[in-house]
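Structure first, commentary second.
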Ligand code: FEO
């Protein structure tokens, strides 16, 4: 049982964060497609699915521990960008925010001696590390080559390969 209501609420807050991430990446994927970046679009649709899977993971965890995983009202999204680099800069910033939220959740669980939740959250800590490093890597490549038309074409193809599991 999740006895501590504060922890349950914090987990529900994280469900909202993951759902927001999923919608944000879907909006970005759609923008990419509309602007001719088809590789980036495929990649971000896949990321959107991953974020939904993260959301479901927490929904199931809360319910399996006798809580009630409710859904929150959704925040508005921006779905207009100037460049592909801007999209990925915003993603990295967003993921850094998510990492802070996950770390706070871990800290709260430890303070409340809810070791089951702390252990559950460890998976997300590792996931955030991987995501931040992946997005930083993509951004570095974009900054190196992305301002030229050839560079944008190359990075879009790279993202298509990653999305297809060949990157
Ligand atoms: Fe599930 Fe990237 O946060």
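Derivation of every value follows stated rules applied to the coordinates shown; laboratory data play no part. Bear in mind the structure is a predicted one, so any value in this text is a computation, not a measurement. We place every Cβ from the backbone using ideal geometry, glycine too, and count neighbours over all the protein chains shown.
At a glance:
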{"quantity": "Burial ordering of 43, 81, 115, fewest other beta-carbon atoms within 10 Å first", "calculated": "115, 81, 43"}
{"quantity": "Estimated distance in nm for a label pair at residue 49 and residue 110, the labels positioned 7 Å out from Cα along Cα-to-Cβ", "calculated": "3.5 nm"}
{"quantity": "FRET efficiency for residue 154 and residue 90, using Cβ-Cβ distance with R0 set to 25 Å, rounded to 0.05", "calculated": "0.70"}
{"quantity": "Residue order, fewest to most surrounding Cβ atoms within 10 angstrom, among 105, 44, 77", "calculated": "77, 105, 44"}
{"quantity": "Segment 5-163 - Rg over Rh from alpha carbon coordinates, Kirkwood radius", "calculated": "1.03"}
{"quantity": "Neighbour-count ranking [beta-carbon atoms within 10 angstrom, fewest first] of 109, 30, 22", "calculated": "30, 22, 109"}
{"quantity": "Centroid-to-centroid separation of segment 36-89 and segment 115-130 [C-alpha atoms, Å]", "calculated": "18 Å"}
